[in-house]
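The values are calculated or read from the model by the stated rules, or taken from the named source; none is laboratory data. Treat the numbers as computed from the prediction; the structure is a model and nothing was measured. Note that each Cβ is placed from the backbone with ideal geometry, even for glycine, and that neighbours are counted across all protein chains shown. Areas reflect the complete protein model, heavy atoms only, side chains present, ligands, DNA and RNA absent. Shrake-Rupley method; radii C 1.70, N 1.55, O 1.52, S 1.80 Å.
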Amino acid sequence: MTGTRTKEATGTGTATGPAARWELALRAVPGVLRADLGTARRDPLPRSRWLNWLPHAHLVLLTVLLSVWSLNLYARHLDPLPGSVTLLVVAQCAAPVLALSRPAAGWWLSTGALLVSATVTASVFGAERPWNAGAIALHTLVLLLLALRVRPVAAAAALAVSLLTGVGALGPGGVPHLPTLWSGATAFATATVVGASLRASRVSRTRLVAQEELTAEERARRALLEERGRIARELHDVVAHHMSVISIQAQVAPHLVENPSPELRENLAGIRQNAVDALTELRRVLGVLRGDGAAGDTAAGVRHAPQPTLERLGELLANVRAAGLDVTAETVGEARPLSPGTELSAYRIVQEALSNAMRHAPGARATVTTRYHTAGLTVRVTNTPATRRAAGPVPSGGAREPGHGLLGMRERTAMLGGELAVGPTPDGGWDVTAVLPAPLHAQPTQSTTKDGYGS
């Protein structure tokens, strides 16, 4: 019984879904009309991208010409021309100009003038002409300017009210004559449809631009998270190695001492246990990051390879040369072992800079300079301007992971508390300079290859 009632209730809700939506839409109409037509707020017509304010000036000039034409139509039948008629035409002329900045207020002014014009025109020209051609043209401009700025529901309501001014003026005349009314209705409806269509197109372009901006921001944020995840995985490997060494050394130490005291055994056991617990927590927090690598990396076993250091920079340069980039290397100062994080970040920065050089400056020559100094390590990668256009995707020269360009370099430099400077060179090339803190390492200086890097 409960299941039956639930099904019936669900079916009823589904059946009344469209009706409920229509009811909500109808309830929203008064609010839309109040917001769009019941206000005198300023909503200036945007200037043209190519013509600037020229269309606005042309519209004002057209309004003046139409007003002069309307005055001439009245003057043919009224001599002398009453001041009230002149004031009426001036109000009709002012409405389009006002609608340029305040569309709702301009429409109300034009509609009031149109209603008075219908009465005056019927008395001058006959009941078969509730509007003259000048009044129709001026109000058409106002409806067009209104439809460009308000929602379609409000534009349709404004059209209906405009048509009612002509129908109301025909009523007292006995038999309504419709030719002029149909001409005005056609002009008004055309202006409303055109204005609403242009507004819809402008709104769509605005939303598209906003969506593109959001997409670009989301893409940058995703790239940032991916790069941070990659850095976290690499640091996990480095830290896990050292923690494992600490645990093994603490386990082996009691066997290296003859008759170790219970306190020593207990302290070493505590050291080992703390190292194991720290390693477990590290793997628990960062282990999930090791599962989101690319399928190609997993297949090639790259994710399980040792993290590269500056000792392998010669291999990277060889791969880059094989990919077609003319690169030279130089080492300034006495090379010395660095902290694992600094070695890894320096290698990745050089790798990414060379990949960018191949990708964006085909045919260029690159120079890699590593400078060892007391405060740290400076890595500089420069390339000359491109000598040919890129024909397509450029290989990364053996890069394990392509990274995210300058974003990844900045993340790595900031992580170590260093500084990164990138920008064009005077000859049209590109320069990447990273200054990384490099505390002295206890290990002895290693031998170097002909390129100046450890073998």
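List every residue pair whose Cβ atoms sit under 8 Å apart, with the two residues 6 or more apart in sequence or on different chains, where the first one lies in the stretch 399-424 and is assigned to a loop (DSSP other than H, G, I, E, B) and the second, anywhere, is open to solvent by 20 Å² or more (accessible area, probe 1.4 Å) and modelled with pLDDT of 90 or more.
Matching pairs, first to second residue: G418/V435.
Among the numbered conditions (1) loosely packed, with under 14 Cβ neighbours inside 10 Å; (2) modelled with pLDDT of 90 or more, tell me where V175 comes up short.
(2)
Among the numbered conditions (1) open to solvent by 90 Å² or more (accessible area, probe 1.4 Å); (2) in contact with a helix residue (DSSP H, G or I) (Cβ under 6 Å, 6 or more places away or on another chain), tell me where R207 comes up short.
Going through (1) open to solvent by 90 Å² or more (accessible area, probe 1.4 Å); (2) in contact with a helix residue (DSSP H, G or I) (Cβ under 6 Å, 6 or more places away or on another chain) one by one, R207 breaks only (2).
Criterion first (touching a Leu at 6+ places or on another chain (Cβ under 8 Å) and in a helix (DSSP H, G or I)) does A25 satisfy it?
Here the answer is no, as A25 does not meet what is asked.
Scan the stretch 409-421 and tell me whether some residue there is surrounded by fewer than 17 Cβ atoms within 10 Å (Cβ to Cβ), under 28 Å from the mean Cα position of the chain (by Cα), under 14 Å from V320 (Cβ atoms) and modelled with pLDDT under 85.
no
I need the full set of residues from the stretch 241-298 which are farther than 30 Å from E227 by Cα and either modelled with pLDDT under 75 or aromatic (F, W, Y) (or both), in order please.
none
Mind checking which residues of the stretch 357-381 are open to solvent by less than 30 Å² (accessible area, probe 1.4 Å) and among the polar types (S, T, N, Q)?
Answer for the stretch 357-381, where residues must be open to solvent by less than 30 Å² (accessible area, probe 1.4 Å) and among the polar types (S, T, N, Q): T369, T370, T378.
Failed condition for P362, given (1) more than 15 Å from V432 (Cα to Cα); (2) at pLDDT 85 or above; (3) assigned to a helix (DSSP H, G or I), with all others met?
(3)
R207 - would you say it is more than 30 Å from G341 (Cα to Cα), free of Cβ contacts under 8 Å to residues at least 60 places away in the same chain and basic (K, R)?
For R207, the condition - more than 30 Å from G341 (Cα to Cα), free of Cβ contacts under 8 Å to residues at least 60 places away in the same chain and basic (K, R) - is met.
Go over the candidates V68, V142, V150 one by one and state the one that is more than 19 Å from R199 (Cα to Cα) and touching a helix residue (DSSP H, G or I) at 6+ places or on another chain (Cβ under 9 Å).
Answer to the selection: V68.
Pairs, please: C-beta under 6 Å, at least 6 apart or cross-chain, first residue open to solvent by less than 90 Å² (accessible area, probe 1.4 Å) and in the stretch 215-234, second outside any helix (DSSP H, G or I) and at pLDDT below 80?
Qualifying pairs under 6 Å: A223/H404; E227/H404; E234/Q307.
Go through G270, G195 for me and flag whichever is within 30 Å of A156 (Cβ to Cβ) and open to solvent by less than 70 Å² (accessible area, probe 1.4 Å).
G195
Can we say A135 is under 48 Å from the mean Cα position of the chain (by Cα), modelled with pLDDT of 90 or more and of a type outside the set (F, W, Y)?
Judged against the criteria, A135 is not a match.
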